[in-house]
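The values are calculated or read from the model by the stated rules, or taken from the named source; none is laboratory data. This one's a predicted model, so the numbers in the text were calculated from it and none came from an experiment. Ideal geometry is used to build each Cβ from the backbone, glycine not excepted, and the neighbour counts take in all protein chains shown.
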Amino acid sequence: MVYASFRSIGAYVPSQIRDNEWFIQRMDTSDEWITKRTGIKQRRIAAEGEMCSDMGVEAAKLAMSRAKINPKDIDLIVCATISPDFLCMPSTACIIGNKLGLNDVMAFDISAACTGFVYALSVAKAFIESGMKKNVLIIGAEKLSSIVDYSDRTTCMLFGDGAGAAIISATINKDEAIVDVSCSADGAYGDFLLTPGVERETHFMQMKGNETFKVAVKTLTSDVQKIMAKNGYVNSDIDLFIPHQANYRIIKAVGDALEFEDSQKVLTVEKYGNTSSASIPMAINECYEDGRLKKGMTILLDAFGGGLTWGSAIVKFSGE
Ligand SMILES: CC(C)(COP(=O)(O)OP(=O)(O)OC[C@H]1O[C@@H](n2cnc3c(N)ncnc32)[C@H](O)[C@@H]1OP(=O)(O)O)[C@@H](O)C(=O)NCCC(=O)NCCS
């Protein structure tokens, strides 16, 4: 039996920091309102001309070097994004592949908003376990500053730019295997978070914040309860709980409902805001770089986003 293992992580954030003061100078808001409602203090913003693919490439390079993998051994590239370099084609995965010199490799994008990285993980796992691919580069990359409506004060302060990437490889060692990934969607809630697009002449994001908040808390909580029960896991089996970094209040409500200890909960939203598909791999990378995440540990991922989409995963981290 072939299993899929989570072999390495990498991330990249642009150097430009956008703090709450930037918004205060441009609209009727305050540091107190933003902090209290969202927990966000800063976001990273891509430089002029810096594209989604550029950030994805940097994250991918780090993930590949940490996996000590020969790039020629990558046989699938999956990029999750809702802020691609080009509207329809070429896919950002193709652009990233080209920039990495991987020019004869299957590559495609996933559009599952903030759940995108967990969707990409499930695709990588399925391709590997079926025997079709051996080493999959998965990326969550977003230049959300290109689709945020900076005249809408109720949403614009939430989002930032960045990228994360991982190498998922085949293994015969069950102890290294990704335990489970579960993804779902319900298009009936499609209007909660949307970018109207070409026909309606705007590519800016619109959100029903209040409604989204409530469904997010409920879904993120029940999704974890389901995957934990299905696999016979209890909280003490989890080293780190890494939820999508949308909003401090959502994470707190979900973390409290699930009764995780503070030491298990991972929070990066204060520094980066919501980076959609990049948020979970960026958070995993942060734990790896600060030493909280080590080989053999079990992490629990929990994502929710536009679509609506949601997904969770129990992952043994196999990175050195
Ligand atoms: C966006 C969000 C922070 C807004 O918080 P909220 O408590 O729902 O706020 P409301 O929209 O009800 O607005 C409350 C008040 O604040 C005001 N307000 C809105 N944006 C503001 C801002 N940036 N600064 C100051 N006041 C603001 C509103 O006008 C309203 O004023 P009123 O009571 O006088 O009418 C919250 O709904 C949220 O976090 N939603 C989930 C968003 C999310 O994470 N989405 C991604 C999921 S993947």
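Observations on the structure shown:
- Filtering Ile82, Ile69 for residues that are in contact (Cβ under 8 Å) with a residue 60 or more places away in the chain, surrounded by 20 or more Cβ atoms within 10 Å (Cβ to Cβ) and of a type in the set (A, V, I, L, M) leaves a single hit, Ile82.
- Test: residue in the stretch 121-137 that is among the polar types (S, T, N, Q) and without any contact (Cβ under 8 Å) to a residue 12 or more places away in the chain: yes
- Options Ala166, Ala170: the member that is over 21 Å from Gly311 (Cα atoms), away from the ligand (no atom under 16 Å from the Cβ), surrounded by 16 or more Cβ atoms within 10 Å (Cβ to Cβ) and not charged (D, E, K, R): Ala170
- Those residues of the stretch 92-108 which are outside any loop (DSSP other than H, G, I, E, B) and among the charged types (D, E, K, R), in sequence order: Lys99
- Top-ranked residue in the stretch 264-276 [being of a type in the set (Val, Ile, Thr) and under 13 Å from the mean Cα position of the chain (by Cα); ranked as farthest from the ligand (Cβ to nearest atom)]: Thr268
- In the stretch 43-62, the count of residues that are free of Cβ contacts under 8 Å to residues at least 24 places away in the same chain and among the hydrophobic types (A, V, I, L, M, F, W, C) is zero.
- Elements of type helices (runs of 4 or more DSSP H) contained in the stretch 7-80, each with 2 or more residues being more than 23 Å from Thr155 (Cβ to Cβ): 52-67
- Of all the residues in the stretch 153-177, those that are over 18 Å from Gly140 (Cα atoms) and of a type in the set (A, V, I, L, M) number 4.
- Any hit, the stretch 277-287, residues being polar (S, T, N, Q), closer than 20 Å to Thr38 by Cα and within 15 Å of the chain's Cα centre (by Cα): yes
- The set of residues in the stretch 242-262 that are touching a strand residue (DSSP E or B) at 6+ places or on another chain (Cβ under 9 Å) and either within 10 Å of the ligand (Cβ to nearest atom) or among the small types (Gly, Ala, Ser) (or both) comprises His244, Gln245, Ala246, Asn247, Ile250, Ile251, Gly255.
- Selection within the stretch 292-315 - out of contact with any Leu (no Cβ under 9 Å at 6 or more places or on another chain) and within 19 Å of Ile167 (Cα to Cα): Lys294, Lys295, Gly296
- All positions within the stretch 21-42 that are within 13 Å of the ligand (Cβ to nearest atom) and under 23 Å from the mean Cα position of the chain (by Cα): Ile34, Thr35, Arg37, Thr38, Gly39, Ile40
- Long-range neighbours under 8 Å by Cβ, at least six apart or interchain, first residue under 24 Å from Ser53 (Cα atoms) and of a type in the set (Val, Ile, Thr) within the stretch 14-31, second at pLDDT 95 or above and away from the ligand (no atom under 14 Å from the Cβ): Ile17/Gln42; Ile17/Arg44; Ile17/Ile45
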